[in-house]
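Report on one structure; see the data block that follows.
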Amino acid sequence: MMVYGVALLSGCLLLGMVIGEALGVALRVDANVGGVGIAMLFLVFASNSEKFKTLTEGAAGGGITFWSAMYIPIVVAMAARQNVAAAVDGGVLALLAGVAAVAVSFALVPILSKMGKGPASADQEEQGAA
Amino acid sequence: MELIETVFVRNNVIVAFAVIGVTIWVSYFFADKLTHGRIHGSAIAIALGLLAAYFGGVTTGGNAGVADVALLGGIGLMGGGMMRDFAIVATAFGVHLSELKKAGIAGVVSIFAGVIVSFVVGAVIAIMFGYTDAADITTIGAGAVTYIVGPVTGEAIGASDAVITLSVAAGLVKSIVVMIGTPLVAKHIGLDNPQSAMVFGGLMGTTSGVAAGLAATDPKLVPYGAMTATFYTGVGCLLGPSILYFIVSAFY
């Protein structure tokens, strides 16, 4: 049943969000700390586990891959509802601060990626997993 | 005419599915015919979305881009945080744990490095523009982290409304630049494997920016970048009104 996969996905998201929200409260931060990331970990665990086979294989898995495939359309809709006008109205300071922060962060990607390549990186070639 | 309008407004989420579907079809058509696949179809679709959002915002005066146009209200739900997070989590389906472990430490380091670097860049620019109040400088720096960290920090340390608005604008600019810039620089920064995608997500942090930027680069990288990016705003909200504010206060 397709809905089993959708329900598993929903369960993962809700559980992750609750934990992220609780982390925020514990850290006295007015934000959800990593809720989505935690939810993703749950889904990774579930999809790599034998116990959840009925929820992740066949038609049930299709319920999850459907939402995964809807990702790009949803991101396009997300782009269309951004407050672009306000970003443009922010003036030179906002523009400079935003652009410069991104430029410096881009430059750091190769540096930090190298740091991650410890001795275990010999098998780097065969990545590109699902 | 009024009859059609009523039906469309009443079924606005369905309208959104149709409109986004057509937009993506047109974008992939142009990506294929005009650029011969050199520019990803989704990159064009996202750029069209941002352009539409700009005009939507200018004509309606609202803050939800094209979703403030009555007929396109459904785009607000379809592209809202709930659907976005649901779809992001779904992309993790089929990811192997071993890939995540490989970049584990670098991923965590990148989150903190990303928050601090963006903050410093934003704060330095605020100082260059003549701001001398510690709360103002911190808030603008926090805005360069993300458009959520800016107002959360600004409200916590009592910055003025004008500065908080400015910090949101800086964060919005950042997120849009990441959306558009990522596919352009991906090759040059080695963004072609799960490990660098995790580092990328941690450094950029803006969930919307990373989500769209990676979608336009290589959808296979999305779950890895999104995984680290979703911790970024939390870390930013943690550091902004505390340590980072204290450091700025020591100088100003």
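If you check B:T138, B:T153, B:T60 for being surrounded by fewer than 22 Cβ atoms within 10 Å (Cβ to Cβ), more than 19 Å from B:F200 (Cβ to Cβ) and either more than 7 Å from chain A (Cβ to nearest Cβ) or not aliphatic (A, V, I, L, M) (or both), only one passes: B:T60. Inside the stretch B:96-115, residues that are within 21 Å of B:S208 (Cβ to Cβ) and within 7 Å of chain A (Cβ to nearest Cβ) make up a count of 3.
For the stretch B:71-83, taking the residues that are assigned to a helix (DSSP H, G or I) and more than 7 Å from chain A (Cβ to nearest Cβ), the one that is farthest from B:G56 (Cα to Cα) is identified as B:M82. Inspect all residues belonging to the stretch A:74-82 and state whether any of them is more than 7 Å from chain B (Cβ to nearest Cβ) and of a type outside the set (V, I, T). Within the stretch A:74-82 (the criterion being more than 7 Å from chain B (Cβ to nearest Cβ) and of a type outside the set (V, I, T)), the answer is no, since none of the residues qualifies. Within the stretch A:94-110, the only residue that satisfies the criterion of being surrounded by fewer than 21 Cβ atoms within 10 Å (Cβ to Cβ) and within 11 Å of B:L166 (Cα to Cα) is A:L95. Being assigned to a helix (DSSP H, G or I), hydrophobic (A, V, I, L, M, F, W, C) and either facing chain A (nearest Cβ under 9 Å) or touching a residue at least 24 places away in the same chain (Cβ under 8 Å) (or both), is that true of even one residue in the stretch B:186-196? No, the stretch B:186-196 has no match at all. Residues satisfying the criterion are present in the stretch B:164-179 (criterion: farther than 18 Å from B:Y232 by Cβ, more than 10 Å from chain A (Cβ to nearest Cβ) and in contact with a Gly (Cβ under 6 Å, 6 or more places away or on another chain)). Any chance the stretch B:119-134 includes a residue that's in contact with a Cys (Cβ under 8 Å, 6 or more places away or on another chain) and either modelled with pLDDT under 85 or at the interface with chain A (Cβ under 7 Å from one of its Cβ atoms) (or both)? So far as the stretch B:119-134 goes, no, none of its residues is in contact with a Cys (Cβ under 8 Å, 6 or more places away or on another chain) and either modelled with pLDDT under 85 or at the interface with chain A (Cβ under 7 Å from one of its Cβ atoms) (or both).
Would a scan of the stretch B:54-74 turn up a residue that is among the acidic types (D, E) and within 21 Å of B:T207 (Cβ to Cβ)? Taking every residue of the stretch B:54-74 in turn, none turns out to be among the acidic types (D, E) and within 21 Å of B:T207 (Cβ to Cβ).
Here is a check on your reading of the model: is B:A53 closer than 30 Å to A:G63 by Cβ and assigned to a helix (DSSP H, G or I)? No: the conditions fail for B:A53.
Counting only helices (runs of 4 or more DSSP H) that sit completely within the stretch B:84-183, those holding 3 or more residues that are touching a Leu at 6+ places or on another chain (Cβ under 6 Å) correspond to B:104-128. Scanning the stretch A:15-32 for residues that are in contact with a helix residue (DSSP H, G or I) (Cβ under 8 Å, 6 or more places away or on another chain), closer than 28 Å to B:A156 by Cβ and of a type in the set (A, V, I, L, M) yields A:M17, A:V18, A:I19, A:L23, A:L27, A:V29, A:A31. Out of B:V168, B:V152, B:V178, one residue alone is within 30 Å of B:Y245 (Cα to Cα), under 10 Å from the mean Cα position of the chain (by Cα) and not polar (S, T, N, Q). It is B:V178. Taken as a whole, the condition of being touching a Ser or Thr at 6+ places or on another chain (Cβ under 8 Å), facing chain A (nearest Cβ under 9 Å) and not acidic (D, E) applies to B:G205. For the stretch A:22-41, which residues satisfy the criterion of being facing another protein chain (nearest Cβ under 10 Å) and assigned to a helix (DSSP H, G or I)? Within the stretch A:22-41, A:L23, A:G24, A:G35, A:V36, A:G37, A:I38, A:A39, A:M40, A:L41 qualify.
The values are calculated or read from the model by the stated rules, or taken from the named source; none is laboratory data. What you are looking at is a predicted structure, and each value in this text was computed from that prediction instead of being measured. Positions of Cβ are generated from backbone atoms using ideal geometry, with glycine treated the same way; all protein chains shown enter the neighbour counts.
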